[in-house]
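Nothing in this text is a laboratory measurement; each read-out follows from the coordinates by a stated rule. Just so it is clear, the model here is predicted, and its values are computed rather than measured. All Cβ positions, glycine included, derive from the backbone under ideal geometry; neighbour counts span all protein chains shown.
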Amino acid sequence: MSATPTTATACTCPECEANVPFARRPLQGEVVRCPDCSAELEVTALDPITLELAPEVQEDWGE
Amino acid sequence: MRIGLLYSRVRVEERLLIEELERRNIDLELLDVNKFQAEIHDPTPWQRFDAVFERCVSQTQATTAVRVLESFGIPCINPSAVIEACGDKLTTSLILARNGIATPRVRVALDPETALEAIEQMGYPVVLKPAVGSWGRLLARVNDRDAAEAIVEHKSTLGSVQHGVFYIQEHVNKPGRDLRVFVVGTTPIAAIERRSAHWITNTARGGQAAGFQITPEIDDLCRRTARAMAGQAGALLAIDLLETEEGRPLVSEVNHTMEFRNSIATTGVDIPARMVDYVLNIAERRSVNRASQAAAIAPTSFTSGPVGVA
């Protein structure tokens with residue numbers, strides 16, 4: 001599920017539909033958190049900015 | 001000089017590293033590991049890079065991509081050997097033990113019944129850890145036989161093949177904190193202590209970070225650990241230490257894709273800048289080598305002029 005892009009510096013959370021603001025232009029693949037529902041979101045496109053729920057942590061993820 | 005930054009997710013750490021590279025006007029290319037593909041007989045498209053800075057969250061993706069790029073002669077930070085040494089706790093423990101570096105006792109078993117025997121022989125409490133994984137996930141402190149049977153059965157039944165490897169570590173009764181030392185090359189540059197009321201003190205699990213002054217003993221331990229894990233040149237490493245009740249530091253884990261967002265303000269050290277220094281130094285060497293090789297094989301040019309006229 002992806003979110004509806006709104007403006008260049010904001011986007012709608014695909015989980016709760018709250019406004020997710022960006023202080024600066026995000027990068028492709030950037031991970032952000034929804035200020036309302038705390039869902040972890042990933043920037044999947046830049047033009048326009050599109051957010052999707054970040055993938056679940058996999059077994060081999062880490063430091 | 002051109003640097004590739006291989007990533008899967010741009011977290012705070014990657015953002016800080018990218019900003020640091022951009023601040024220095026480095027020719028930077030962001031490489032999404034999910035888009036990575038390479039024809040192994042044709043390294044040409046990758047020769048544009050003087051180094052690739054690996055920052056993936058998936059160890060499998062990181063190791064695979066880096067192995068390919070290394071085979072093309074491209075320096076990767078960290079190298080695949082370091083990723084593999086750090087990414088598997090058993091491999092880490094074996095390297096530490098072989099090099100005489102203080103580390104908790106570990107037993108390994110490959111069968112549930114044998115694992116229970118090993119736990120009993122080691123004595124309670126013990127800590128069961130997945131050999132691969134991080135952020136304090138699926139750690140289990142086992143205090144008695146009942147808990148041991150339950151955990152071993154769960155791991156055998158629910159886990160992947162990896163959970164069939166039983167990595168059993170002695171429980172170190174640490175003083176409410178553990179330490180993390182950031183190492184660049186073989187030099188410890190900063191350290192934090194992580195405190196938690198819970199026995200798991202990872203900041204990913206809610207541990208609170210504060211700056212820690214590196215002692216000469218810990219400095220020496222971390223330098224030796226870096227050399228054991230990554231050779232004389234070292235690597236970019238975050239070394240986790242536990243302290244015994246007597247205050248003796250033990251190397252618990254070594255991390256190859258260090259997370260440092262909570263450690264810049266707490267230590268006062270610009271960790272991303274130091275990491276970038278290290279990467280650029282490696283890239284610079286490759287850049288200079290390539291330039292000298294190109295000069296060596298270039299056809300000699302002669303000044304034109306009249307020839308053979310006596």
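Numerical summary
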read-out: Rounded tilt (10° steps) of B:112-122 against the dominant C-alpha axis of chain B; value: 80 degrees
read-out: Shape box of the protein assembly as shown [Cα atoms, principal axes, largest first, Å]; value: 100, 58, 41
read-out: Dipole in debye (nearest 20) - region B:203-297, about Cα centre, beta carbon charges: Lys, Arg +1; Asp, Glu -1; value: 560 debye
read-out: Built amide H within the under 5 Å cut-off of B:Glu54, gap 5+; value: B:Leu6, B:Ile77, B:Asn78
read-out: Rounded to whole Hz, the Karplus (6.51, -1.76, 1.60) HN-Hα couplings of region B:91-108, x for glycine and proline; value: 4, 4, 4, 5, 5, 4, 5, 5, 9, x, 8, 4, 8, x, 5, 9, 10, 10
read-out: Listed residues B:Phe212, B:Ser287, B:Val152: farthest to the positive end of the dipole of region B:140-292 (Cβ charges); value: B:Ser287
read-out: Distance between region B:146-182 and region B:252-293 - C-alpha centres, whole angstrom; value: 31 Å
read-out: Cα centroid separation - region B:39-100 against region B:192-217, whole Å; value: 28 Å
read-out: Radius 11 Å from Cβ of B:Met122, net charge of other residues (Lys, Arg +1; Asp, Glu -1); value: -1
read-out: For B:Ile282, B:Ile297, order by how many other beta-carbon atoms lie within 10 Å, fewest first; value: B:Ile297, B:Ile282
read-out: Orientation-averaged projected area, Cα convex hull of region B:105-170 (nm²); value: 3.8 nm²
read-out: Most mobile listed residue (B:Arg286, B:Arg195, B:Arg23) in chain B, GNM with C-alpha springs under 10 Å; value: B:Arg23
read-out: Residue-averaged 222 nm ellipticity for chain B, from DSSP H runs of 4+ at -39500 (n - 2.57), nearest 500; value: -11500 deg cm²/dmol
read-out: Cα-based convex hull volume of chain B per residue, rounded to whole Å³; value: 181 Å³
read-out: On Cα atoms only, tilt of B:271-297 relative to the major axis of chain B in degrees; value: 40 degrees
read-out: Projected label distance in nm at B:Gln121 and A:Thr9, using a 7 Å step from Cα toward the beta-carbon; value: 6.4 nm
read-out: More than 16 Å apart - percent of Cα-Cα pairs taken over region B:174-267; value: 50 percent
read-out: Average beta carbon contacts from partner chains per residue of B:8-15, 10 Å cutoff; value: 5
read-out: Square roots of 5 times each gyration tensor eigenvalue, C-alpha, chain A, largest first, Å; value: 20, 13, 10
read-out: Cα-centred dipole magnitude for the protein assembly as shown, charges only on beta-carbon of K, R (+1) and D, E (-1), debye, nearest 20; value: 1020 debye
read-out: Cβ-Cβ FRET estimate between A:Val57 and B:Asn289, R0 fixed at 30 Å, reported to 0.05; value: 0.15
